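Beneath this line is the structure, given in structure tokens, with notes to follow.
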Amino acid sequence: MNTGTLRALPQSPGVWQQAWTRLRADRVGMLCLYVTVFFVILVVLAQLGLVANDWQKEVGTPFAPPHFVGKIVDGSQTAVVDSIAGPNVDISDVDPLAPRYEEWRERAAQYQTTSVHKSDTLPLGGDQLGRDVLSKVIKGAQVSITVGLAAALVATLIGTVLGAVGGYFGGRIGDFLEWVYNVFTAIPYILLVFALAAVLKSGPLAGMLGSGAWTVVIILSLVGWTGIYRLVRSEYMKHRSREYVRAAEAIGASHVSRMFTHILPNISHVVLVQLSLHVVGFIKAEVILSFLGLGVPIDMVSWGTMLSEAQTELVLGKWWQLAAATSFMAAFVTAFALLTDALRDALDPKLR
């Protein structure tokens, strides 16, 4: 058999090509992929300053309603101007400031005509300072999604590496990692998050780490690796004695090669599911921390800070900031979770 005949023989598709073929057949998975890619592109554009770069500007009137609601006219501004300008009657005999009222009235009218014109309505409404809610929710998506993805990736990396080492080698190394795992899980999750947030944001390490979003990433990563560690460790304990691992050992593959080249692709569906759960959980955790004032600093905006502002606005009947933040968050979290489920099914070796 010559070389040309060997090249003409059909080749079986690889693991990733098979996974992509199965994913394309999943309509829900592809739709969620498009939604996730849209949010990722939005985050990248916001990071580059191409969109939502002026989210702090007061481009509208305070509590400007969305376009589909229309301008709300209640006459309150006219009443305020009239009350400042004073009565339009001659009361100079009883009020020594009466001659100044006309001057103040003219100045107020001049200010109304020469001041910067602000929109009475905005695409998704305005907040109490007149900032565009659409720009805020895009900028908030950049912060919240970046924090959730970065923290999930770091926590998944830590948990996967430690779980692989503990499950593959076992022995004293496995016992030591189990002891570390038990120390972290002995403390309730939410209390550990609050404790680390208080230490890293106001303790002696605050000056070193700063008060930016990366502090939140470190906090969530340090407490979120335990779940993935436990699952990966159990999977490695099952796979380390399988035939394909023994065959890799027989041909001289190193421990690192067997751990991450041969075993890891066969448990990737477990890692992806945990990654999805961590992204969703960490976005929620960032929202809670920012809502309580322990998350991103006050000069930044995230979905959590928007919800914190919206609780006071909702009492006044201004619901659009709450609706925008929750809608964007729900759309991304749902799409990302369903996409990861579809990827898990595509990569699961039992479903091939």
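Just so you know, all these numbers are worked out from the coordinates, no wet-lab data involved. Owing to the predicted nature of the structure, the values given are computational and were not obtained by experimental measurement. Here Cβ is always computed from backbone atoms with ideal geometry, including for glycine, and neighbour counts include all displayed protein chains.
Numerical summary
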item: Distance between modelled label sites at residue 241 and residue 298, nm, 7 Å Cα→Cβ extension; result: 6.0 nm
item: Quotient of C-alpha Rg and 2.2 N^0.38 Å, computed over region 138-292; result: 1.18
item: Distant-in-sequence amide H partners of residue 119 (H built 1.01 Å from N, under 5 Å); result: 60, 61
item: Peptides ranked, highest mean first, by Cβ atoms within 10 Å: ranges 191-200, 125-134; result: 125-134, 191-200
item: At R0 = 41 Å, FRET efficiency that the Cβ-Cβ distance of residue 179 and residue 67 yields, to 0.05; result: 0.10
